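Trainee: Please read through the structure below; I'll follow up with questions.
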Amino acid sequence: MPESSSTRLVDRVFRMRELAILLVLLVMIGVTQLGNSEFLSEQGIKDLLLNATILVLVATGQSLVVITKNVDLSVGSTLGISAFATGTYLQGGGNPVVAVALAVLLGVVFGLLNGLLVSLGQVPALVVTLGTLYVIRGVDSIWVG
């Protein structure tokens, strides 16, 4: 069955839209490189990849929540308290492997708490995670002083 002209037009529009996004990205990279010659250096690329890694890890966990048609508002606060606990531990001369395990453990504990309250407690995810967000922020405030 031959492709209709409307199908080809739709395909072209989608390809152009993706091409436009790519062109905007390339322009942004070029402008940033002109403003900061270190942007595309070896260290600059390492920094970009390191920052992206953190977002990928958080987005991976968040995707599981989104797949179940829920929302987790406490992700940022959980990341923050995990980072703060890890940094505090490392400043005290702690082992980096233990620090990573500590960060993961904190994330798992808060995620498990949220999951149990939503699934077993039948409390809406929005309410649970909003509450967790403020509990974690309170703990952060007390901890920091």
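Trainee: Got a sec? How would 46, 69 order by Cβ neighbour count within 10 Å, fewest to most?
Mentor: Taking fewest neighbouring Cβ atoms as first place, the list is 69, 46.
Trainee: Using only Cα positions of the chain, each an equal point scatterer, no hydration layer, compute I(q)/I(0) via Debye at q = 0.11 Å⁻¹ and quote the log10 values to two decimals.
Mentor: -0.69
Trainee: What helices does the chain hold that run 30 Å or longer along their axis, going by alpha-carbon atoms, with a Kyte-Doolittle average of 1.0 or more, using DSSP H for the helix calls?
Mentor: Helices passing the filter in the chain: 5-35, 42-67, 96-119.
Trainee: Okay, moving on. In whole angstrom, how far apart do the alpha carbon centroids of the stretch 30-75 and the stretch 87-145 sit?
Mentor: The distance from the Cα centre of the stretch 30-75 to that of the stretch 87-145 comes to 21 Å.
Trainee: Same structure again: Could you work out the relative contact order of the chain, using alpha carbon pairs under 8 angstrom and six or more residues apart, expressed as a whole percent?
Mentor: Computed over the chain, the figure is 21 percent.
Trainee: Here's a follow-up. Long-range amide H contacts for residue 40: which residues qualify at under 5 Å (H placed 1.01 Å from N, peptide plane, sequence gap of 5 or more or a different chain)?
Mentor: none
Every number here is computed from the coordinates shown, using simple stated rules; none is lab data. Note that the structure is a prediction, hence the values are computed from the model and not measured. Neighbour counts run over all protein chains shown; Cβ positions are idealised from the backbone, glycine included.
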